[in-house]
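> Right, I'll just put the structure down here and ask away after.
The values are calculated or read from the model by the stated rules, or taken from the named source; none is laboratory data. All of these numbers come straight from a predicted model, not from anything done at the bench. Cβ sites come from the backbone with ideal geometry, for glycine too, and all protein chains shown count toward neighbours.
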Amino acid sequence: MRKSTLRLLLSLTLLTITSAFASPNPSVTSEAVLQTTNEIILSFPETATFRAAFSSDVEITSIVLEYGNEQQTCGEVIAKAFPQFTPGRTVEAQWTWEMRQSGSLPPGAQLWWRWRVTDASGQQTVTEVKTATWLDNTHNWKAMNNGEFLRLHWYQGDQTFAVDLAKAAYNGLRFNETQSGLKAEAPIDIYIYASTDDLKDAILYEPSWTGGQAFPDQNIVILGVSQSDLEWGREAIVHELTHVLVGHLTFSCLGDVPTWLNEGLAVYSEGELDPASERQLEEAIRNDTLLTVRSLSSGFSEVADKAYLSYSQSYSVTKFLVETQGQEKMTSLLLSLQDGMTIDEALRQTYGFNVDGLETAWRTSIGAPPSSVSAPTAQPTPTFVPTLVPMGGVRVPSVLQATLTPVPTSSFGGQPTPAPARTGPPLALTMILLGLCCAFLVLLGVVVLGFVVRGQNRKRGDNVQ
Ligand SMILES: [Zn+2]
């Protein structure tokens, strides 16, 4: 039975972290219990299996696995698992972390674990903490540093491709530091997958449009960028890096950053608005159809046009704050949010106005009429906010993104970016065509099923006869 379990494990194994059990001399933390095996076997992206074997002069009666992943959390989070084992002087235990049950971790996350072993005399031994990187080994990952705070990981494309993206990321960091006062304080790992398909294979639960995601709590950004998407990649990398910086600076167990500020800073860091978004914003100013800033606090619309406008407006409001009030005040605003202040309190303390006051000042600055009582709001239904990255005027239909159910990874603070769109047929037309295709397929299915059932009935009838 042990053999079959082992074989099963080996067949599941995609990656074995050798460093985790590299020490030939058994490491001991107590003279009573000897640790002969202590390893982790990763089957990325599904499971991580922890295995250990101990021996002791006294019967071992309890084994507890303590594990987790290195991330910013509110208080210490230690998960515990109680693997089944047969008490004795020589024992083996293993436990599998099922990512589908716990919510998937981003590629590059640092796992840690230790074992707590108790013998019949009541003596407890705790093994040293070990760590492993949660990553696939199907790709031949290469890495390069750019400055103190950036590590770019990639596996496809030449050095020029990687240098290009690393440079864009570096410039994005510089821009954020000088313009918004957002500084990186620890290295950020950026994993570049060669395509959105590869990216999808690496994470569980992600909707098909995901082209990238930021995980501020783990200092990780993942993106699917091919050589032909380089221009999109440069912008997306900066956008997602900004989410990591904002998430880091404002990390708090008390408060939250309003969506307009988080997305506004991310779009602002990409540079100028693309012409299409610029035009849409100007039109909204002219037609007095701007959304209220307050309505952009918790989520963006499911309706494509409003979603696009939400990003452009967030950009415009953020730009107004940074460029008329200065970088230091922006930093102070973000720190106030970290302290748990509401956005109204934080704005009032920093700038002397609340969200409504900001709205008035911003509208004046862009030449828009004062907000009317009936000003449109961003959403009837606030939703999970995926990241939109401008694509040279073509944006991914947000209606597809916003209607998707929030994914478990969002609990890690992930900020997904839609995959780069290659073509830009009108959204409505696309949706209608999709609808017609579905209807046609259903109809076809019914007809085919009808024939099959009739055929089978006839056959069965024949057999009976
Ligand atoms: Zn975003």
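> For segment 150-162, enumerate the residues that are assigned to a loop (DSSP other than H, G, I, E, B) and either in contact with an Asp or Glu (Cβ under 8 Å, 6 or more places away or on another chain) or in the same structural domain as T37 (by TED's automatic domain parsing) (or both).
If the condition is that a residue be assigned to a loop (DSSP other than H, G, I, E, B) and either in contact with an Asp or Glu (Cβ under 8 Å, 6 or more places away or on another chain) or in the same structural domain as T37 (by TED's automatic domain parsing) (or both), then no residue fits.
> Next question, about the same structure. Does G352 qualify as being surrounded by fewer than 19 Cβ atoms within 10 Å (Cβ to Cβ), more than 14 Å from S277 (Cβ to Cβ), out of contact with any strand residue (DSSP E or B) (no Cβ under 7 Å at 6 or more places or on another chain) and modelled with pLDDT under 95?
Against the criterion (surrounded by fewer than 19 Cβ atoms within 10 Å (Cβ to Cβ), more than 14 Å from S277 (Cβ to Cβ), out of contact with any strand residue (DSSP E or B) (no Cβ under 7 Å at 6 or more places or on another chain) and modelled with pLDDT under 95), G352 does not qualify.
> Starting from residues that are of a type in the set (S, T, Y) and part of a loop (DSSP other than H, G, I, E, B), keep the ones in segment 163-216 and report whichever is farthest from E231 (Cα to Cα).
So the first thing to find is which residues in segment 163-216 are of a type in the set (S, T, Y), and the list is 170, 178, 180, 191, 193, 195-196, 205, 208, 210.
Retained after the next criterion (residues that are part of a loop (DSSP other than H, G, I, E, B)): 195, 205, 208.
Numbers: S195: 14, Y205: 27, S208: 21 Å.
Ranking the qualifying residues of segment 163-216, first place goes to Y205.
> So, in segment 62-115, how many residues would count as being part of a strand (DSSP E or B) and among the charged types (D, E, K, R)? Quick ask: steps written out before the conclusion?
Narrowing segment 62-115 to residues part of a strand (DSSP E or B): 62-69, 79-81, 88-98, 109-115.
Next, from what is left, pick out any that are among the charged types (D, E, K, R): 66, 80, 89, 92, 98, 114.
Residues in segment 62-115 being part of a strand (DSSP E or B) and among the charged types (D, E, K, R): 6 in total.
> Further, regarding this structure: The conditions are (1) modelled with pLDDT under 95; (2) surrounded by 17 or more Cβ atoms within 10 Å (Cβ to Cβ), and F384 fails exactly one of them. Which is it?
F384 satisfies every listed condition except (2).
> Here are some residues: S104, S43, S121. Which one is touching a residue at least 60 places away in the same chain (Cβ under 8 Å) and crowded, with 17+ Cβ neighbours inside 10 Å?
Values: S43 fails: touching a residue at least 60 places away in the same chain (Cβ under 8 Å); S121 fails: crowded, with 17+ Cβ neighbours inside 10 Å.
Just one listed residue meets the conditions, S104.
> Count, please, the residues in segment 72-96 that happen to be under 15 Å from R116 (Cα atoms) and among the charged types (D, E, K, R).
Looking only at that region, the number is 2.
> Just one of the numbered conditions (1) of a type outside the set (A, V, I, L, M, F, W, C); (2) in contact with a helix residue (DSSP H, G or I) (Cβ under 6 Å, 6 or more places away or on another chain); (3) within 25 Å of W362 (Cβ to Cβ); (4) surrounded by fewer than 24 Cβ atoms within 10 Å (Cβ to Cβ) is not true of H239; which one?
The failed condition is (4).
> Just to be sure I understand, how many residues within segment 194-236 are among the β-branched types (V, I, T) and surrounded by fewer than 24 Cβ atoms within 10 Å (Cβ to Cβ)? Can you show your working first?
Filtering segment 194-236 for residues among the β-branched types (V, I, T) gives 196, 203, 210, 220-222, 225.
Cutting the leftovers down to surrounded by fewer than 24 Cβ atoms within 10 Å (Cβ to Cβ) gives us 196, 203.
The number of residues fulfilling the criteria is 2.
> Which residues, counting only those in segment 252-276, are more than 11 Å from the ligand (Cβ to nearest atom), over 17 Å from L296 (Cβ atoms) and part of a helix (DSSP H, G or I)?
Hits for segment 252-276 are P275, A276.
> Pull out all pairs, ordered by first then second residue, where Cβ-Cβ is under 9 Å, the residues are six or more apart or on different chains, the first lies in segment 61-84 and is more than 12 Å from L111 (Cβ to Cβ) and not assigned by TED's automatic domain parsing to the domain that holds E98, and the second is acidic (D, E) and in a strand (DSSP E or B).
No pair meets every condition.
> I've got another one for you. Checking the conditions here, which among Q280, Q218 is in contact with a strand residue (DSSP E or B) (Cβ under 6 Å, 6 or more places away or on another chain) and either away from the ligand (no atom under 13 Å from the Cβ) or without any contact (Cβ under 8 Å) to a residue 40 or more places away in the chain (or both)? Explain how you work it out, then say what you get.
Numbers: Q280 fails: in contact with a strand residue (DSSP E or B) (Cβ under 6 Å, 6 or more places away or on another chain).
Matching residue, one of Q280, Q218: Q218.
> Next up: Given the criteria outside any helix (DSSP H, G or I) and within 16 Å of the ligand (Cβ to nearest atom), does D288 qualify?
Spelling it out, it is not the case that D288 is outside any helix (DSSP H, G or I) and within 16 Å of the ligand (Cβ to nearest atom).
> Condition first: within 15 Å of the ligand (Cβ to nearest atom), polar (S, T, N, Q) and closer than 24 Å to I237 by Cα. Can you find one or more residues in segment 317-328 that meet it?
Yes.
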